[in-house]
Amino acid sequence: MKNERRSAPRINISVPVRWEGVLTQQTATVTSLSETGCFVLTGGKVEPKELIRLEIELPGQEALYFWSEVVDEANEIGFAVRFTSSEEDDRARLVAYVKANSLPRAD
């Protein structure tokens with residue numbers, strides 16, 4: 001992972017995700033999550049700017065579905081994505097989950 005490009009606070013998490021790219025479909029783990037994107041821990045191969053479909057399984061909720069763009073790739077470790085589109089309900093549930101699980105900032 002190169003430069004810091006995060007535009008929103010992230011939470012550390014470990015939840016299952018199913019992802020589908022141009023070349024593959026796999027299950028993996030989301031290890032970092034924000035309102036704008038996430039990191040997918042997986043051995044699958046992706047390309048920068050590739051469009052990925054994610055199905056994120058948050059605890060106690062129905063799955064969230066997002067179309068996402070790969071913004072960074074760590075070979076054989078995983079990749080970071082920026083969410084590009086979703087249903088309004090999925091977006092609202094994601095925002096509520098991240099806010100409920102974020103630690104207060106010490107300024």
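Legend: ranking of residues 68, 34, 102 from fewest to most surrounding C-beta atoms inside 10 Å; resulting order 102, 34, 68. Put a dot 7 Å past the Cα of residue 89, heading toward its Cβ, do the same for residue 50, and the two dots end up 3.0 nm apart.
Output the antiparallel fraction of DSSP beta bridges having both residues in the chain, as a percent to the nearest 5. Counting DSSP beta bridges with both partners in the chain, the antiparallel share is about 100 percent. By the beta-carbon count within 10 Å of each Cβ, the least crowded to most crowded order of 51, 33, fewest first, is 51, 33. As a check on your grasp of the helix formula, calculate [θ] at 222 nm for the chain: sum -39500 (n - 2.57) over DSSP H runs of n ≥ 4, divide by the residue count, round to the nearest 500. Mean residue ellipticity at 222 nm (helix-derived): -4000 deg cm²/dmol. Exposure proxy shown here: for 65, 97, the number of other Cβ atoms within 10 Å sets the order, fewest to most, as 65, 97.
Values in this text are rule-based calculations from the coordinates and carry no lab data. Bear in mind that the values here come from a model prediction, so they are computed numbers and not experimental data. As a convention, Cβ positions derive from the backbone with ideal geometry for all residues, glycine included, and neighbour counts pool all protein chains shown.
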